[in-house]
Amino acid sequence: MASPQENDSKPETTITLRSNDGEIFEVPETVAVLSVTIKNMVDDGCAGGIIPLEEVDAETLSQVITYLKKHAALLDPSSETEKDELDAEFFSDKEFNSLLDIVNAANYLNIKELQDASTKQIAKFIRNKSVSTVRKLFGIENDYTPEEEEALRREHQWAHEDGVESDED
Amino acid sequence: MLNYFPTELLSEILVKLPVKTLTRFTGVSKSWRSIITSAAFIASHLSNNSKNQTLLLTRYGHDNKLDQFSLLKVSENGGFGINSSMAIEAPFGFPIEYSNVVGYCDGLVCLSNCMFFRNPWQRGIMIWNPSVRNHIVLPEPTINPEGPHIAVLGFGVASRAHVKVVRLVYKCTIFDGFSGSVPPQVEIFSLKTWSWRRLIGGVDVALRAYSNVYRQAFLNGVVHWLAKEPIHDRSSILAFDIGDEVFGEVMLPYELATGASVKLGVFVIEESLGIVGSTNESCGVWVMKEYRVKESWTKLYKIDLVEGINNLVGFWKSGEALLTLRDLWLAVYNPETKETKDLGFYGNPYSSYVDIYAESLLLW
């Protein structure tokens, strides 16, 4: 990446981001513009000042930046294996609630790779979960009556058996 | 924040889940159910799914009785191979062994036992989704002429998950040698309306479709049947656009249209319309490079029926032919290397058929 013999190598531009809870993050421009949302703001001339990100908190933003830096540093950006390894490592220590925050952030910041990877990760996480566990995870209220729910379950009983995890408390 | 989880984002997660999980998750809430069962979601789930490498193998036994369905998982590492197979249970109560597969489309299999039972109380047409484990039996068709007649069925899914079955009824008289007079009477069953509707007008096709023992090919929203033009005894393809409900003809290359001892089969080959013409010695594989352009029929290759090769049962996405070997085994023929590889899976002594299969939520 280093330009060889030039004495006056261009200093790398930094973008300043601010999370919705007030924390400041300095990020190299090449990394920041992997977010199409940020790239558009930069193109619109916001680069000089601080870019406020209303929808992302500090914790999540820090994780997103880590992801972007790792992706920018990939030796072979076209290698699916390298990307998969990176994603596996990135998600290995993430709790479900963080996954939801990250996918929302990826959507807001328009980072396609992170959105694809995190939706895939969430799908993997919930694949064998029971209905009531999923409701808890997503904070969804059950709007079926007990009779409706029972009828639905009976109709597709096979889908609730054989490999489906039991309800988590 | 969880309450404001955008629907598009939720759909992006759900679309990556298998049918069994999604069937269960319709119980999470009414809004989850309406997302999962919407035509748009079903379509995008199906196309997301089509990357899965699965074949549906239909095996017929003695006397053309339907024997078994299996799902075969394909691997393409180091050439075409099959990793595993799983027999799937056909729905109860339907006399499966006396049925014919009319066609496969978008995760649905259409079966009919009309060929075997003259008695109306035993006849039936069924549409089955193996991945959702649901099936429906159609209401009785309405065209039932007094004298002898032949009925041919076609099956497909038009846009917006519009599932339809088309039924062609040819009256048999002494004038056509009891083979069936053209034009047929036609009716269409639509899952949306749950009823049969007669097609009046636009049915002036002078082609007699072959019976459902010969499989249809469904491509570009059009059902294609092998057919005969009775006056000149010429073989052809009868086409029916299942969305627009319009008939047409697709002409065959001359040597196949008039060849006397050539057995024909219509297939979808790498997303084009294909024809296989078989003699005792070889199978010729043709493809229509430009749909509905007769001059674009191209002979791709010929497989010599040597070393126990029996017949062709279907084609994989990349054009390899699947066939039966020594009356028993399923094999794959690679047209580039001209090699036949025994896949180690039981085919069938009498006949088999493969479809490229994807799970779908239709008929949930």
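The values are calculated or read from the model by the stated rules, or taken from the named source; none is laboratory data. Note that this is a predicted model, so its numbers are computed, not measured. FYI the Cβ positions are ideal-geometry reconstructions off the backbone, even for glycines, and counts take in every protein chain you see. The protein model used for the area step is the full one, side chains on, heavy atoms only, and it has no ligands, DNA or RNA in it. Shrake-Rupley method; radii C 1.70, N 1.55, O 1.52, S 1.80 Å.
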Problem set entry | Gyration tensor verdict on the range B:123-165 (Cα atoms; rounded if a/c is under 1.5, prolate if a/b is larger than b/c, oblate otherwise) | prolate
Seminar exercise, completed: Each label sits 7 Å from Cα toward the beta-carbon; between B:D241 and B:E339 the label points are separated, in nm, by 4.5 nm
For this session: Round to the nearest 10 and report in Å² the accessible area of B:W194, as given by a 1.4 Å probe over the protein chains' heavy atoms.
Result: 120 Å²
For this session: Ignoring everything but the protein chains, give the 1.4 Å probe accessible area of B:K317 in square angstrom, nearest 10.
Result: 70 Å²
Seminar exercise, completed: With label points set 7 Å from each Cα along the Cα-to-Cβ direction at B:R234 and A:C46, the distance between them in nm comes to 6.8 nm
Seminar exercise, completed: With a Förster distance of 35 angstrom and the Cβ-Cβ distance between B:V306 and B:S211, calculated FRET efficiency to the nearest 0.05 equals 0.70
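Per DSSP H run of n ≥ 4, the term is -39500 (n - 2.57); total these for chain B, divide by its residue number, and report the mean residue ellipticity at 222 nm rounded to 500 deg cm²/dmol.
On the way: 5 runs with 38 residues, N = 364.
When only DSSP H runs of four or more count, the value is -2500 deg cm²/dmol.
Among bridges DSSP assigns within the protein assembly as shown, what percent are antiparallel (round to 5)?
On the way: 113 of 116 bridges.
The antiparallel fraction comes to roughly 95 percent.
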For this session: Could I have the simple spin-label model distance between B:E8 and B:K65, label points 7 Å from Cα toward Cβ, reported in nm to one decimal?
Result: 5.5 nm
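Taking R0 as 30 Å, what FRET efficiency do you get between B:A40 and A:K70 from their Cβ-Cβ distance, rounded to the nearest 0.05? List each step's numbers first, then the result.
On the way: r = 35 Å, r/R0 = 1.15.
Efficiency, from the Cβ-Cβ distance: 0.30.
What net charge do the residues around B:G79 carry, taking every other residue with its C-beta under 12 Å from that of B:G79, with Lys and Arg at +1 and Asp and Glu at -1?
Working: positive: B:K341; negative: B:E76, B:E320, B:E336, B:E339.
For residues surrounding B:G79, the net value is -3.
Going by accessible area, probe 1.4 Å, with all protein chains left in place, what is the ranking of B:S44, B:S70, largest first? Walk me through the numbers on the way to the answer.
Working: B:S44 55, B:S70 5 Å².
In descending accessible area the options line up as B:S44, B:S70.
Rounded if a/c is under 1.5, else prolate if a/b is larger than b/c, else oblate: which is chain B, with a ≥ b ≥ c the root eigenvalues of its Cα gyration tensor? Let's see the in-between values first.
Numbers: a/c = 1.66, a/b = 1.19, b/c = 1.40.
Note, shape of chain B comes out oblate.
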Exercise. Which whole-number percentage describes the relative contact order of chain B, with Cα contacts under 8 Å and a sequence gap of 6 or more?
Worked result: 15 percent
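At a Förster distance of 41 Å, what's the computed FRET efficiency of B:T173 paired with A:E147, Cβ-Cβ distance as r, to 0.05? Could you put the intermediate results ahead of the total?
Numbers: r = 57 Å, r/R0 = 1.39.
Step by step, r from the Cβ atoms, then E = 0.10.
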Seminar exercise, completed: Quick tally, 1.4 Å probe accessible area for A:F25, B:F175, B:F41, sorted with the most first, runs B:F175, A:F25, B:F41
Problem set entry | Relative contact order %, chain A, counting alpha carbon pairs below 8 Å whose residues are six or more apart | 18 percent
Exercise. Which value, in Å² and to the nearest 10, is the accessible area of B:Y214 when all protein chains are kept and the probe is 1.4 Å?
Worked result: 90 Å²
Exercise. Kyte-Doolittle mean at least -0.5 and Cα extent at least 20 Å along the axis: which DSSP H helices of chain A qualify?
Worked result: A:58-72
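Report the gain in length on full extension from A:E168 to A:S132: 0.36 nm times residue separation, minus Cα-Cα distance, nm rounded to one decimal. Provide the component values of the computation, followed by the final result.
Details: separation 36, 0.36 × 36 = 12.96 nm, distance 0.78 nm.
Net length gain for the segment: 12.2 nm.
Just subtract the alpha-carbon distance of B:S318 and B:E270 from 0.36 nm times their residue separation and send over the number in nm, one decimal.
Working: separation 48, 0.36 × 48 = 17.28 nm, distance 0.61 nm.
So the chain would gain 16.7 nm between B:S318 and B:E270.
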Exercise. Contour minus end-to-end for A:R154 and A:K124, with contour as 0.36 nm per residue of separation and end-to-end as the Cα-Cα distance?
Worked result: 8.3 nm
Problem set entry | Selection from B:V165, B:F189, B:G147 lying farthest towards where the dipole of the protein assembly as shown points positive, charges on Cβ | B:G147
For this session: Give me the net charge of B:G243's neighbourhood, meaning all other residues with Cβ under 12 Å from the Cβ of B:G243; Lys, Arg count +1, Asp, Glu -1.
Result: -1
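Please tell me the relative contact order of the range B:221-270 in percent, rounded to the nearest whole number, where contacts are Cα pairs under 8 Å and at least six residues apart.
Numbers: 69 pairs, mean separation 15.4, N = 50.
Value for the range B:221-270: 31 percent.
Give A:K112/B:K51; B:K16/B:K317; A:K69/A:K112 a once-over and call out the pairs whose C-alpha atoms are over 18 Å from each other. Mind dumping the intermediate values first?
Working: A:K112/B:K51 20 Å; B:K16/B:K317 22 Å; A:K69/A:K112 15 Å.
Over 18 Å Cα-Cα: A:K112/B:K51; B:K16/B:K317.
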Exercise. Which residues in the range A:47-82 have a backbone N closer than 17 Å to a point placed 7 Å from the Cα of A:T13 along the Cα-to-Cβ line?
Worked result: A:47-52
For this session: Sort the protein assembly as shown into rounded, prolate or oblate with this rule: let a ≥ b ≥ c be the square roots of the eigenvalues of the Cα gyration tensor; rounded if a/c is under 1.5, and if a/c is not under 1.5, prolate when a/b is larger than b/c, oblate otherwise.
Result: prolate
Exercise. What order do B:M251, B:M288 take when sorted by accessible area (1.4 Å probe), most exposed first?
Worked result: B:M251, B:M288
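Tally Lys and Arg at +1 and Asp and Glu at -1 over the other residues with C-beta under 12 Å from the C-beta of A:T37: what net charge comes out? Provide the component values of the computation, followed by the final result.
Values: positive: A:K39, A:K112; negative: A:D43, A:D44, A:E54, A:E55.
Surrounding charge for A:T37 is -2.
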